[in-house]
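Read-outs throughout are calculated quantities, based only on the coordinates presented, and are distinct from any laboratory measurement. A quick note: this is a predicted structure, and the numbers were derived from the prediction, not measured. Heads up, the Cβs are rebuilt from the backbone with ideal geometry, glycines too, and the neighbour counts pull from every protein chain shown.
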Amino acid sequence: MSEPSTFFWLTMTSGSMMPLMPPQAKIGVHVIAKTALQMGDIAVFIAENKLIAHRVLRIETDGFWQCGDTNLSASKILYAQLIGKVEQIQTVKNTRFLKKSVYLQRSIARCNHFIVRLYPRYPRFSLFLHHLKYYVLKGLFH
């Protein structure tokens, strides 16, 4: 008897992780234990009866804080909602393996976390940084 697969494919339906994961990109998801999740990973979880793939900003004992790369707010997700993490992204142009870019993924998470925390107090400056980050990432990923 074969073991159930711990890797599956999903199709992105929103632009919340642009430019890295545009709509219609195929994402390869590896089912993981909560202890394997790290800051910077792109977690796949269930929220509001949907599967969502967003970047992990901070890890806590009972869950993690997440945010889409194009969003200006973060929310906490409990580990019970966690399905896995994105390891591969296929777009029309190329295929990316995220294991090879751990430092970059963590740097993006740190940027997102800083901008999200800054936004309530300095919305205009945060928006400027957010747009700057987007165009830098667009240059890196296209």
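Per-structure values
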{"quantity": "Residues satisfying the stated conditions in the range 28-75, i.e. more than 11 Å from the chain's Cα centre (by Cα), touching a residue at least 12 places away in the same chain (Cβ under 8 Å), assigned to a strand (DSSP E or B) and over 16 Å from Arg110 (Cα atoms)", "calculated": "Gly28, Val29, His30, Val31, Ile46, Ala47, Leu51, Gly63"}
{"quantity": "Per-region count, the range 92-116, residues closer than 20 Å to Pro23 by Cβ and either touching a strand residue (DSSP E or B) at 6+ places or on another chain (Cβ under 8 Å) or of a type in the set (A, V, I, L, M, F, W, C) (or both)", "calculated": "6"}
{"quantity": "Residue match in the range 78-94 (condition: within 13 Å of the chain's Cα centre (by Cα), over 18 Å from Lys26 (Cβ atoms) and free of Cβ contacts under 8 Å to residues at least 60 places away in the same chain)", "calculated": "yes"}
{"quantity": "Of all residues in the range 45-80 being surrounded by 19 or more Cβ atoms within 10 Å (Cβ to Cβ) and of a type in the set (D, E, K, R), the one that is nearest to Leu127 (Cα to Cα)", "calculated": "Asp69"}
{"quantity": "Selection within the range 10-27 - surrounded by 14 or more Cβ atoms within 10 Å (Cβ to Cβ), part of a loop (DSSP other than H, G, I, E, B) and either more than 14 Å from the chain's Cα centre (by Cα) or not small (Gly, Ala, Ser) (or both)", "calculated": "Met12, Met18, Pro19, Leu20, Pro22"}
